[in-house]
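The values are calculated or read from the model by the stated rules, or taken from the named source; none is laboratory data. Since the structure is predicted, the reported quantities are computational estimates derived from the model, not experimental observations. FYI the Cβ positions are ideal-geometry reconstructions off the backbone, even for glycines, and counts take in every protein chain you see.
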Amino acid sequence: MPKPARVSANVRPHLTRNGGSDPMTEVFLSYAREDVATAKQVAEYLREEGWTVFFDRDLPVGKTWEDVIEKHLSLASCVVVLWSSASVASDWVRAEASAAVDRGVLVPALIDRVSVPVRFRIIQSADLVGWRGARQHAGLANLIAAVRASVGSKRTDTSAAAVQSDSIQRSPEKAIAIVEIETGENRGRS
């Protein structure tokens, strides 16, 4: 299976781990290669909020994909996973999402109406299905609020974007409903 494509991000030099010279990744963005256009838009909005985003396609000379991805994945304060028809089938995206769940830093978003892998179904996802890149979108606002909640307590700087309200936004033209579909299967709940 091919590795997911990633695009290199400029990392702000003043944010480092433990006062060292190693740049800190606040948000790790996981997605399938087929979703690179949407991932670029999400990464741009996250950067506008003032966060560093690991979204890498350029592999440093002498490094392996696995080493670079594992390093940033383990250091990220938040892991945003874009679930799509392509990413649910990607071993790389599933592995990155699993690592994020294990650390308690997963912030998922649906970009296609798909059945998310079983392990991740209990975690609420931001709804970006049908999103066309507009800044004023309820799903994007919810994603940013969730990232802010995840990164906020770990953040080392106090930019204006970081201290904005954490309120969840809802689109005035669409009602939001949470629906649980009964499948007839016993899933251990009473």
Exercise. Looking only at region 78-112, count how many residues are part of a loop (DSSP other than H, G, I, E, B) and surrounded by fewer than 22 Cβ atoms within 10 Å (Cβ to Cβ).
Key: 5
Practice problem: Could you please let me know if Ser115 is in a loop (DSSP other than H, G, I, E, B), closer than 18 Å to Arg33 by Cβ and either out of contact with any Lys or Arg (no Cβ under 9 Å at 6 or more places or on another chain) or of a type outside the set (A, V, I, L, M) (or both)? | Solution: no
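Yes/no per residue for (1) out of contact with any Asp or Glu (no Cβ under 8 Å at 6 or more places or on another chain); (2) small (Gly, Ala, Ser); (3) free of Cβ contacts under 8 Å to residues at least 12 places away in the same chain:
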{"position": "Ser30", "(1), (2), (3)": "no, yes, no"}
{"position": "Val36", "(1), (2), (3)": "yes, no, no"}
{"position": "Ala39", "(1), (2), (3)": "yes, yes, no"}
{"position": "Val42", "(1), (2), (3)": "yes, no, no"}
{"position": "Trp51", "(1), (2), (3)": "no, no, no"}
{"position": "Asp67", "(1), (2), (3)": "yes, no, yes"}
{"position": "Trp83", "(1), (2), (3)": "no, no, no"}
{"position": "Val88", "(1), (2), (3)": "yes, no, no"}
Practice problem: Search region 137-157 for residues being in a loop (DSSP other than H, G, I, E, B) and modelled with pLDDT under 95, and hand back the single one that is surrounded by the most Cβ atoms within 10 Å (Cβ to Cβ). | Solution: Arg155
Practice problem: Scan region 71-99 for residues that are closer than 17 Å to Ile144 by Cα and not hydroxyl-bearing (Ser, Thr, Tyr) and report the count. | Solution: 7
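Yes/no per residue for (1) among the basic types (Lys, Arg); (2) over 20 Å from Ala141 (Cα atoms); (3) under 16 Å from the mean Cα position of the chain (by Cα); (4) at pLDDT 85 or above:
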position	(1), (2), (3), (4)
Thr16	no, yes, no, no
Tyr45	no, no, yes, yes
Asp58	no, yes, no, no
Ser84	no, no, yes, yes
Ser90	no, yes, yes, yes
Leu106	no, no, yes, yes
Quiz item: Looking at Val151, Val118, which one is in contact with a strand residue (DSSP E or B) (Cβ under 8 Å, 6 or more places away or on another chain) and of a type in the set (Val, Ile, Thr)?
Solution: Val151
Exercise. Might you check whether a residue that is at pLDDT below 95, surrounded by 18 or more Cβ atoms within 10 Å (Cβ to Cβ) and either at negative phi or assigned to a helix (DSSP H, G or I) (or both) occurs anywhere in region 121-131?
Key: no
